[in-house]
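For reference, the structure discussed in these notes is given below.
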Amino acid sequence: KKDKDKQLRTPIVSVLGHVDHGKTTLLDKIRKGRVTAKEAGGITQHIGATEIPIEMIKNICKDIWRKEVELPGLLFIDTPGHKAFTNLRRRGGALADLAILIVDINEGFKPQTEEALSILRTFRTPFVVAANKIDKIPAWQSPGFVPFLKSYSMQEDIAKNRLDNKIYELIGKLYEFGFSADRFDRITDFTRNVAIIPISALTGEGVPELLLVLVGLAQRFLEDSLRLHVSGKAKGTILEVKEEKGMGITCDVILYDGTLKVGDRIAIAMRDGVKVTHVKGILKPRPSQEMRLESKFRSVKSVVAAAGVKLIAADLEGVLAGSEFEAIESEKDIEEFRKRLEKEYEEIEIRTDEEGVVLKTDTLGSLEALINELKDAGIKIKNAEVGDVDKRDVIEASANRDELNRVIIAFSVKLLPGVEEEAEKYGVRVFRDEIIYSLIDSFVKWREEEKR
Ligand code: GTP
Ligand code: MG
Ligand code: NA
């Protein structure tokens, strides 16, 4: 039944869960990285991607590694847990072949845990639950980076009981959502039951079993389903559109199928149609490096799915993060692509008001997130765009009748020369921050004070 001629592609594993439950820390443990420490405000605000070669996974599993697998590795997608970033969680969920739902075992289910679960249900994504932070269970003694079952066997009864109770609570919660779940070592049929793997992303306890179960799932669910074979046509999704020094506008993308080559013509979904351009360069992060923070990209001639890469192409103005792209060969391809994607543009909607603040952000993902947050806080938005703050924005903001709206909210962008002087002249206030919650907080606080 197996088709040996076909190349198995790297499965995409998305990590989802409530804010601060340990998604990035877990990935840091696996990739031996320090991404968490570099994040502004201690939260993830973009989608990340890290390719972990199978050799590295084998090394972590060591003694418990049982069989040979054909998978080249796993491509992990990190997502933000902060409530504002529903759009990015959905994007991460939509991309996933498999997922890890991470839950802080001491806190249990939280709003974004539930949201993540409903995303996984919508896309019918097989997933495992990582019950994280077991090292924080009172009386738990961590022996270090070892399999969970080994650590568990070394614990006092009081710690064991506490863990067992927490796991039962999780099983109950998952049951409420229609999933039958159990601790991984009590499961025989992984296709019918959701495995819960107790871990500590900090000490590494349980991470070997987590990876082993994931690799097993990837083989079992996907090997024969053809979804894991590389087909011809390159298909991908754009994570972020970014201006890079010396390269102009580039796109961080996840290639989820096919092989993409330099020189390929690609069609990209735009808000008002399809853009056709060609690939001028493909930049690959090093294995086990987070693409979002990588500085030493390798230039390659081609890349096989799944992979996170940076694309250089002509004429990327107006391309939206979250858009699909596809390699094309003929006019007919373009037409088919256009039809298939027509409804997707409708989902990204930026409606604005006549009177309201001006919003500028670094990416479309953060733009969508901030629009949602501001609307939740009852704040009207006059203009919302990706890009640095320029003098036009000052004029735009100053034209508001209400002083409380003569404001520019700038997330992770620069003020272009002259903007500060201009803002002062026109009585426009600029709130600028790199952390979504402190940006919103300082603006809302100022507004409340001014109202008094
Ligand atoms: P967002 O991306 O912002 O949603 O957060 P996250 O889920 O990526 O969580 P993150 O990795 O940023 O971890 C949040 C905090 O929890 C950090 O201070 C971590 O050091 C801590 N943490 C994560 N995992 C563990 C764990 O297993 N044990 C303990 N004690 N602390 C942990
Ligand atoms: Mg994170
Ligand atoms: Na965090």
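Here are the numbers for this structure:
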{"item": "Straight-distance crosslink candidates among aspartates and glutamates, where the alpha carbon sits under 14 Å from residue 339 and sequence neighbours closer than 8 are dropped", "result": "272, 324, 326, 331"}
{"item": "Average accessible area per residue (Å²) across the chain - probe 1.4 Å, nucleic acids and ligands excluded", "result": "46 Å²"}
{"item": "Ranked by how many other beta carbons lie within 10 Å on average, peptides 126-134, 308-316, 53-61 from highest", "result": "126-134, 308-316, 53-61"}
{"item": "Amide hydrogen neighbours beyond the local backbone of residue 412, cut-off 5 Å, H modeled", "result": "433, 434"}
{"item": "Set of the range 186-203 residues, backbone N closer than 16 Å to the point 7 Å along the Cα-Cβ line of residue 153", "result": "186"}
{"item": "The range 394-410-the range 241-317 distance, computed between alpha-carbon centres (Å)", "result": "36 Å"}
{"item": "Residue-averaged 222 nm ellipticity for the chain, from DSSP H runs of 4+ at -39500 (n - 2.57), nearest 500", "result": "-9500 deg cm²/dmol"}
{"item": "Positive-end residue, the range 300-452 charge dipole about Cα centroid, Cβ charges, pick of 407, 427, 384", "result": "427"}
{"item": "About the Cα centre, charge dipole magnitude for the range 353-406 (Lys/Arg +1, Asp/Glu -1 at Cβ), debye", "result": "140 debye"}
{"item": "Carbon + sulfur, % of accessible area of the range 170-315 - ligands and nucleic acids excluded, 1.4 Å", "result": "51 percent"}
{"item": "Among 57, 248, 181 - extreme Cα towards positive end, dipole of the chain, charges at beta-carbon", "result": "57"}
{"item": "Percent accessible area from carbon and sulfur atoms, the range 1-102, protein chains only, probe 1.4 Å", "result": "47 percent"}
{"item": "Amide proton proximity set for residue 250, modelled H, under 5 Å, gap of 5+", "result": "242, 243, 244"}
{"item": "Estimated vicinal HN-Hα couplings, Hz - the range 272-283 in sequence order (Karplus 6.51, -1.76, 1.60; Gly, Pro = x)", "result": "10, x, 10, 9, 10, 9, 10, 6, 9, x, 10, 10"}
{"item": "Unit charges on C-beta of K, R, D, E only; dipole of the range 48-97, Debye", "result": "340 debye"}
{"item": "Cα-based shape type of the range 215-345, given that a ≥ b ≥ c are square roots of the gyration tensor eigenvalues and the cut on a/c is 1.5", "result": "oblate"}
{"item": "Cα gyration tensor, the range 362-452 - rounded (a/c under 1.5), prolate or oblate", "result": "oblate"}
{"item": "Which of 269, 239, 364, positive extreme of dipole for the range 231-371 (C-beta unit charges)", "result": "239"}
{"item": "For peptides 185-191, 281-287, sequence by mean Cβ density within 10 Å, most packed first", "result": "281-287, 185-191"}
{"item": "DSSP H segments from the chain that extend 27 Å or more along their own axis, Cα-based, with Kyte-Doolittle mean of -1.0 or above", "result": "157-176"}
{"item": "q = 0.10 Å⁻¹, the chain: log10 I(q)/I(0) [Debye, one scatterer per Cα]", "result": "-0.77"}
{"item": "Normalised per residue, the volume of the convex hull around the Cα set of the range 67-113 (Å³)", "result": "100 Å³"}
{"item": "Magnitude of the charge dipole, the range 124-196, Cβ model with Lys/Arg +1 and Asp/Glu -1, debye to 20", "result": "180 debye"}
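The values are calculated or read from the model by the stated rules, or taken from the named source; none is laboratory data. The shown structure was predicted, so the numbers you read here are calculated from the model rather than taken from an experiment. For neighbour counting, all protein chains shown are included, and Cβ atoms are generated from backbone atoms with ideal geometry for every residue, glycine included. When the accessible area is computed, the model is the full protein with side chains, heavy atoms only, and any ligands, DNA or RNA have been set aside. Shrake-Rupley method; radii C 1.70, N 1.55, O 1.52, S 1.80 Å.
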